[in-house]
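J.: Take this structure, written in structure tokens, and hold onto it; I'll ask about it next.
Computed from the coordinates by the stated procedures, all read-outs in this text should not be read as laboratory data. Small disclaimer: the values here were computed from a predicted structure and weren't measured. Heads up, the Cβs are rebuilt from the backbone with ideal geometry, glycines too, and the neighbour counts pull from every protein chain shown.
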Amino acid sequence: MRKTIKQRYETLLKNCEEVSYYIQALRDELEYTSEELRYKTAFISYKQLDEEFCHFRKNAHEEFDDDLPFPTLTL
């Protein structure tokens, strides 16, 4: 059965609302992550750990642990 224009419009509105909620969640997560990065960058600088961070960044690799659902970075 063919959908009427009104039904299609309502479906479109519902889909737009769902996407809007998803985009807002992504924005909130990005804002939180950006703030965390800002503080961590400042902390590295404050503690004068720039060289150690560069060494870790250059030499770290992912290590998998059967007890954890995700890999961790380690030297």
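J.: Restricting to the stretch 1-33, name every residue that is surrounded by 10 or more Cβ atoms within 10 Å (Cβ to Cβ) and either of a type in the set (S, T, N, Q) or touching a strand residue (DSSP E or B) at 6+ places or on another chain (Cβ under 9 Å) (or both).
T.: Matches in the stretch 1-33: Gln7, Thr11, Asn15, Ser20, Gln24, Thr33.
Yes/no matrix, rows are residues, columns are (1) in a helix (DSSP H, G or I); (2) touching a residue at least 40 places away in the same chain (Cβ under 8 Å); (3) touching an Asp or Glu at 6+ places or on another chain (Cβ under 9 Å):
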position	(1), (2), (3)
Ser20	yes, no, no
Asp28	yes, no, no
Tyr32	yes, no, no
Glu36	yes, no, no
Thr41	yes, no, no
Ile44	yes, no, yes
Phe56	yes, no, no
Asp67	no, no, no
